[in-house]
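Beneath this line is the structure, given in structure tokens, with notes to follow.
Each reported figure results from applying straightforward, stated rules to the coordinates on display, with no laboratory input. Quick caveat: nothing in here was measured; it's all calculated off a predicted structure. So basically every Cβ, Gly included, is an ideal-geometry build from the backbone, and we count neighbours across all protein chains shown.
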Amino acid sequence: MLQLAELQKQGKFKPQRENDALSTACGSKEHGGRVRGLSSKLSIKDGFEKDRARYRSHDCYKDEIVAATENAMHEKFKDFFMATLAE
């Protein structure tokens with residue numbers, strides 16, 4: 001652990017959420033979705049407030065569905081409008 005702290009000071013070791021000094025020193029991976037050393041019930045989002053913006057969100061998937069639906073409706077409306085004008 002002291003060696004990792006020294007490497008971190010030298011800039012050779014950059015800890016990340018899942019690959020921090022404690023998990024590297026222990027040689028085991030983090031338990032998914034939990035914060036080691038604080039609480040077994042505390043989620044990563046609550047334990048690492050400053051990194052909240054880096055977490056993935058399902059909003060992108062929802063935005064893609066909305067955009068695809070809007071495009072489909074636009075095409076159907078355009079086809080309907082052209083058919084109406086042709087008559």
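One table, with the values for the structure above:
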item: Length released on extending from Phe13 to Glu49, taking residue separation times 0.36 nm less the Cα-Cα span; result: 10.7 nm
item: Where labels lie 7 Å past Cα in the beta-carbon direction, separation of His74 and Met1 in nm; result: 5.7
